[in-house]
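Visitor: Before we start, here is the structure in question, set down as C-alpha cells.
No lab work stands behind these numbers, since they all come straight from the coordinates. Just so it is clear, the model here is predicted, and its values are computed rather than measured. Positions of Cβ are backbone-derived with ideal geometry, glycine not excepted, and every protein chain shown enters the neighbour counts.
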Amino acid sequence: MADTRTEFGYVRTSCDCRLCRVFCRHYPGFLIPADLKRLIPPGRDPFEWAREHLRVRVRRAGRPAAGGRTKATAPPIAEALLPATADDGACQWYRGERCTVHADSPFGCAFFDQHQSDRQARNRAEKGFLAILRALEDRDSLYRRLCDYLVAEGLTMDQAAIRRAAAAARRELDNLIECDAHSKGRRKKRP
C-alpha cells in the first residue's frame, strides 16, 4: 500500500464525485513549491516543462483607476502557479473525466473537495499560500524563477480570467446541486 500523501499536516482528499470534478473543468488548483518535484519529470528542463504545462496567476500592481480597476500599464505580480488550461477552460491534465496526474496532482487540487467546510478549505489554502509567498520572496527558488519566466513569456492568467473561471465553476456546481436535489425529491415521492 502506498504512503498517504500529506502536506502541512493535512491528508489528501480522495473524492472524485461530479461536484469535486467541477473545478477540473473550470478552475484548476494552484501549485505549491513541493508540487514541482513531483510533477516535473526527472531530466526534463523545468522551464520548457513549465512553458507547456503551467501558467502563472498574476495581479496588477499600482493604484486603482476609475471604477476600482488597476491600471493596465502596471507590471504583473506573480501570485501562484496554475496548471495550463485547454481551449475549453478545463485543466490540461483533465482528460476523459479523469486527472492524468492524479497521484501527483497539485496541492490546490489534491487537498480540497466540495465536501469540506469553508473553514477547512481556507485553513488549507492559507498554508499553501504561505509556502508560495516564501518561495516568491526567494529569488533563487525554482518556484519564483518559473513564475518570473512565465510572466516574461506572457503565459499568465489575470484576475479577470480567474473570476470568469470561478463563475463558470459556481454555475455548474449550482446546477448539479439543483439537479441532485430535484432527483432526490422525486425519488422520495415514488412508492
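Visitor: Please report the net charge: other residues with Cβ closer than 10 Å to the Cβ of Phe30, K and R +1, D and E -1.
Guide: Once all neighbours under 10 Å are counted, the net charge is -1.
Visitor: Once amide H atoms are placed 1.01 Å from N in the peptide plane, what residues at a sequence separation of 5 or more from Cys99, or on another chain, have their amide H within under 5 Å of its amide H?
Guide: Excluding prolines and chain starts, which carry no amide H, there are no hits.
Visitor: Also, I was wondering about something else. Would you mind computing, in nm to one decimal, how far apart the modelled labels at Asp118 and Glu52 are, each placed 7 Å from Cα along Cα→Cβ?
Guide: Once both label points are built, they end up 4.1 nm from each other.
Visitor: Shifting gears a bit: Given a Förster radius of 25 Å and the C-beta distance between Arg5 and Phe129 as r, what FRET efficiency does 1/(1 + (r/R0)^6) yield to the nearest 0.05?
Guide: So the FRET efficiency works out to roughly 0.85.
Visitor: So who's got an amide H within less than 5 Å of the one on Phe8, skipping anything under 5 residues away but keeping other chains? H placed 1.01 Å off N, in plane.
Guide: Sorted by chain and number, the residues that satisfy this come to none at all.
Visitor: Using the Karplus curve 6.51 cos²θ - 1.76 cosθ + 1.60 with θ = phi - 60°, what ³J(HN,Hα) values do you get for each residue of the range 121-129, in whole Hz, with x for Gly and Pro?
Guide: 5, 4, 4, 5, 4, 4, 4, x, 5
Visitor: While we're here: Over the range 6-184, what per residue volume does the convex hull of the Cα atoms give, in whole Å³? Spell out each step's value before the answer.
Guide: Details: hull volume 25.7 nm³, N = 179.
Value for the range 6-184: 144 Å³ per residue.
Visitor: How much length, in nm to one decimal, is gained on full extension between Leu155 and Arg18, taken as 0.36 nm per residue of separation minus their Cα-Cα distance?
Guide: Working: separation 137, 0.36 × 137 = 49.32 nm, distance 2.95 nm.
Stretched out fully, the Leu155 to Arg18 stretch lengthens by 46.4 nm.
Visitor: Given R₀ = 25 Å, what would the calculated FRET efficiency be for Ala103 paired with Arg44, taking r from the Cβ atoms and rounding to 0.05?
Guide: On the way: r = 18 Å, r/R0 = 0.70.
Result of the calculation: an efficiency of 0.90.
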